[in-house]
Amino acid sequence: MIFLIGFDEKEVEIIKKTLKEYRVYGIPQYCRDWILQEIVEKAPKLEGDCNWHARKFFLMHNLEDTRVKEVLEKIKSLNLGRIIFATTTPTSLTWRLEDLMGEWIKEDEYFQELRRRKASRFYLDVDIGKS
């Protein structure tokens with residue numbers, strides 16, 4: 001199962017066509033206080049627009065590691081902008097969606113900062129090496 005937040009209708013349709021072998025669901029705003037397990041269980045009955053958050057979240061549930069890699073490659077190739085990718089865990093399934101989204105944002109910012117530092121070290125090493 002794939003869950004989406006922050007994608008517009010056109011993007012959702014593109015994702016569904018690209019991942020036609022998966023069940024893809026948008027999570028509407030009224031679910032933000034729900035426990036993730038409840039969202040997973042009620043997925044087929046969810047109704048409403050998933051484009052309610054400024055960030056894009058792409059959540060994968062019960063996918064094998066090889067499938068996760070395959071899905072990531074397909075979605076990244078669509079160039080839909082910055083997306084926060086996550087997979088469910090036994091622990092995350094017990095969390096409220098709003099709390100999880102906060103954690104995913106923190107993790108994303110942490111990894112973005114690591115990438116910036118790595119890039120700046122690379123350029124610093126290149127500059128020092130030219131001296």
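The values are calculated or read from the model by the stated rules, or taken from the named source; none is laboratory data. Because the structure is a prediction, the values reported are computed rather than measured. Ideal geometry is used to build each Cβ from the backbone, glycine not excepted, and the neighbour counts take in all protein chains shown.
Exactly one residue out of Lys56, Lys20 is more than 17 Å from the chain's Cα centre (by Cα) and either more than 19 Å from Glu107 (Cβ to Cβ) or surrounded by 17 or more Cβ atoms within 10 Å (Cβ to Cβ) (or both): that is Lys20. State whether one or more residues within region 11-30 are touching a Phe, Trp or Tyr at 6+ places or on another chain (Cβ under 6 Å), touching a residue at least 12 places away in the same chain (Cβ under 8 Å), outside any helix (DSSP H, G or I) and under 18 Å from Leu63 (Cβ atoms). Yes, region 11-30 contains at least one residue that is touching a Phe, Trp or Tyr at 6+ places or on another chain (Cβ under 6 Å), touching a residue at least 12 places away in the same chain (Cβ under 8 Å), outside any helix (DSSP H, G or I) and under 18 Å from Leu63 (Cβ atoms).
Residues that are of a type in the set (S, T, N, Q), surrounded by 12 or more Cβ atoms within 10 Å (Cβ to Cβ) and out of contact with any Asp or Glu (no Cβ under 9 Å at 6 or more places or on another chain) do not occur anywhere in region 39-51. In region 59-69, which residues are surrounded by fewer than 12 Cβ atoms within 10 Å (Cβ to Cβ) and within 22 Å of Asp99 (Cα to Cα)? Hit for region 59-69 is Asn62, nothing else. Taking region 66-89 as the range and being farther than 22 Å from Lys106 by Cα, free of Cβ contacts under 8 Å to residues at least 24 places away in the same chain and in contact with a Ser or Thr (Cβ under 9 Å, 6 or more places away or on another chain) as the test, only Ser77 passes. Looking only at region 31-50, residues that are under 14 Å from Thr88 (Cβ atoms) and in contact (Cβ under 8 Å) with a residue 60 or more places away in the chain come to 3 in all. Taking region 76-121 as the range and being of a type in the set (Lys, Arg) and either at pLDDT 85 or above or in contact with a Lys or Arg (Cβ under 8 Å, 6 or more places away or on another chain) (or both) as the test, the residues that pass are Lys76, Arg82, Arg96, Lys106. So is Leu124 surrounded by 10 or more Cβ atoms within 10 Å (Cβ to Cβ), of a type in the set (A, V, I, L, M) and at pLDDT 95 or above or not? So Leu124 does not fit the description; no.
What's the total number of residues in region 51-82 that are in a loop (DSSP other than H, G, I, E, B) and either touching a His at 6+ places or on another chain (Cβ under 6 Å) or under 17 Å from Lys17 (Cα atoms) (or both)? Talk me through it step by step, then tell me what you get.
Here is the first cut: in region 51-82, the ones in a loop (DSSP other than H, G, I, E, B) are 51-55, 61-64, 77-82.
When the remaining residues are screened for being either touching a His at 6+ places or on another chain (Cβ under 6 Å) or under 17 Å from Lys17 (Cα atoms) (or both), the result is 77-80.
Of the residues in that region, 4 qualify.
Here is the figure for region 77-93: residues that are of a type in the set (S, T, N, Q) and touching a helix residue (DSSP H, G or I) at 6+ places or on another chain (Cβ under 7 Å) total 3. When region 72-97 is limited to residues that are more than 11 Å from the chain's Cα centre (by Cα) and of a type in the set (A, V, I, L, M, F, W, C), the one that is nearest to Ile5 (Cα to Cα) turns out to be Leu97.
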